[in-house]
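Rule-based calculations on the coordinates, nothing more; no lab input. The structure displayed is predicted, hence computed values, not measured ones. As a convention, Cβ positions derive from the backbone with ideal geometry for all residues, glycine included, and neighbour counts pool all protein chains shown.
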C-alpha cells in the first residue's frame, strides 16, 4: 500500500512537471531567456520552500549542498544547453534515456543482469518519448547526443541519489530545501555573469507558478514518493511529464499534434499504467 501511494505521488509530481512548459512559454514571451526563466523559477521555489519547510535548513550538510550544485544545477544548465543545440523536442526525448540508464546502473549495483521487464519497458518508454516529442524523428549530431546523454545521466542521478540520501538519515525537507537553495545560488551566479538578471513584471504570475507548483510542490511529492519506490519504477512513471506537456500545448497553445505523436503519447500512458499497477514488494531493488 505504501508503495502504491509513493508511485501515485511520483505520478502527481510528473503531472505538475508537465505544466512547466506552459509557464516557460508564457515567461519567454516577455523576453526572458531559458536560463533566466529557470533561475527566476528556482528563486521563487526557494522562497516557497523556506517558508513552508523551514526545518530543512536547521542542519546544513555539505553532501546536500553538493547535490544541489553538482546535480540539480547541472541538470538545469545541461537542459538549456541541449535546447540550444538539439531544440526543445529532441531535448525532451533525450532526457528519457534516463530510465534505461537507471536500469543499467541499478543492475550493476546489484551485481545482476537487468530485469527483462524493466529493460523492455525502459526501452519502449524512450521510443514513446522520442516519437511523441520529436515527430520529425530528427537525429542529432555527435555533440548534441553527448550533451543529451549528459543531461540524461544527471536526470538519472536525481532518481538514484534520493534513496542514498534517505539511507544516510537525511529528512525529505533537508534534501529538498538545501539542494534547491544551492542550485539557486549556482544558477544566479551564472546568470549574473552571462545574461544578467532580468525579470519582467508581467511574467511574475508564470514564474511564480513554475517556482511554487513545478519546482516546489512537485518536488515535495517526488521526494516523498521516493521514500517507498525504487528508482527504476520512478523513472518510468515520470515519463508522464512530456504527455501532460504535449496535451497542454495542444489545448492551451493550440499546437498541432501529429498521429505519430499521439501514438507516442499512448505508448507512454500504457507503460506508466503498467508501472503504476506493478508493485515492487516482491522484486529486487532494480526491478519494476
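Grab the DSSP H runs of the chain that are 4 residues or longer, score each as -39,500 (n - 2.57), total them, divide by all residues and round the 222 nm result to the nearest 500 deg cm²/dmol.
Here the helix-only value at 222 nm equals -23000 deg cm²/dmol.
Please report the relative contact order for the chain, taking Cα pairs under 8 Å with a sequence separation of at least 6, and give it as a percent rounded to a whole number.
Normalised by residue count, the contact order of the chain is 42 percent.
Over the chain, with a Gaussian network built from C-alpha contacts below 10 Å, which listed residue (54, 233, 28) shows the highest mean-square fluctuation?
54
Which entry in (i) 19.9; (ii) 22.6; (iii) 19.0 is this structure's computed Kirkwood radius over Cα pairs in Å?
Read-out from the structure maps to (iii).
Between residue 143 and residue 59, what is the FRET efficiency for a Förster distance of 41 Å, r being their Cβ-Cβ separation, to the nearest 0.05?
0.50
Calculate the spin-label point distance for residue 69 paired with residue 199, positioning each point 7 Å from the Cα along the beta-carbon direction, and give it in nanometres.
Output for this residue pair reads 2.5 nm.
Mind ordering 13-20, 164-171 by average Cβ neighbours within 10 Å, highest first?
The peptides rank, most packed first, as 13-20, 164-171.
Which residue fluctuates the most in the chain, going by a Gaussian network model with Cα springs under 10 Å, if the choices are 179, 194, 23?
194
Can you tell me which of 246-254, 205-213 comes out highest on packing, and rank the rest after it, using the mean Cβ neighbours within 10 Å?
Answer by packing, highest mean first, reads 205-213, 246-254.
Take residue 109, project a point 7 Å from its Cα along the Cβ direction, then tell me which residues of the stretch 146-184 have their backbone nitrogen under 12 Å from it.
Counting only backbone N, you get 156-168.
I'd like the FRET efficiency for residue 1 and residue 274, computed as 1/(1 + (r/R0)^6) with the beta carbon distance as r and R0 of 22 Å, rounded to 0.05.
0.70
Exposure proxy check: 105, 201, 274, 189 ranked by fewest other beta carbons within 10 Å?
Ascending number of Cβ neighbours within 10 Å: 201, 189, 274, 105.
On full extension of the chain, what length is gained from residue 127 through residue 190, given 0.36 nm per residue of separation minus the C-alpha to C-alpha distance?
19.3 nm
Return the whole-Å distance between the Cα centroid of the stretch 19-33 and the Cα centroid of the stretch 87-145.
After rounding, the separation between the Cα centres reads 26 Å.
Work out how much length residue 256 to residue 28 would gain on full extension: take 0.36 nm times their residue separation and subtract the Cα-Cα distance, in nm to one decimal.
Here the segment from residue 256 to residue 28 would lengthen by 80.1 nm.
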